[in-house]
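The values are calculated or read from the model by the stated rules, or taken from the named source; none is laboratory data. Please read all numbers here as calculations on a predicted model, not as lab measurements. When we count neighbours, we look across all protein chains shown, and the Cβ atoms used for this are built from the backbone with ideal geometry, even at glycine.
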Amino acid sequence: MADLIDAQLLLYLVDLVLAVSLIELLWLCLRRPTGLANLAPNLLAGLSLTLALRLSLVGSASALIVLCLTAAGLSHLLDLLARRRHPDVFSAIPPTGQGKPTP
């Protein structure tokens, strides 16, 4: 019985992560469309991985899980390529000489 409750709790938590990620993606689409191009591959990779986890928890077909994992891998690859092409956009540290000096 405890295993069933743990499995249900895990499924609810995965659903919560999916919902929050979808809300974040929707918020980016509506409020920050310029930043969407930078964050979309990263968000899609996370969504795909979380969806693969959910599908595996409910016992879905392996082909669907593989499809989600492939989508996550491709999204991750796109994210890495974008970071390589535009490292200044993704850097949290401002380029030398443009930030305020630290005391």
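Give the residues of segment 58-72 that are at negative phi and without any contact (Cβ under 8 Å) to a residue 24 or more places away in the chain, sorted by residue number. Once the filter is applied, which keeps residues that are at negative phi and without any contact (Cβ under 8 Å) to a residue 24 or more places away in the chain, segment 58-72 yields Ser60, Ala61, Ser62, Ala63, Leu64, Ile65, Val66, Leu67, Cys68, Leu69, Thr70.
Name the residues in segment 41-65 that are among the aliphatic types (A, V, I, L, M), surrounded by 18 or more Cβ atoms within 10 Å (Cβ to Cβ) and over 23 Å from Ala7 (Cβ atoms), would you? Of everything in segment 41-65, those that are among the aliphatic types (A, V, I, L, M), surrounded by 18 or more Cβ atoms within 10 Å (Cβ to Cβ) and over 23 Å from Ala7 (Cβ atoms) turn out to be Leu44, Ala45.
Each row is one residue, and each column tells you yes or no for (1) at pLDDT 85 or above; (2) within 12 Å of the chain's Cα centre (by Cα).
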| position | (1), (2) |
| --- | --- |
| Val14 | yes, no |
| Leu51 | yes, yes |
| Ile65 | yes, no |
| Gly73 | yes, yes |
| Pro94 | no, no |
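Checked against the criteria, Gly73 does not count as within 25 Å of Leu13 (Cβ to Cβ) and not in a helix (DSSP H, G or I).
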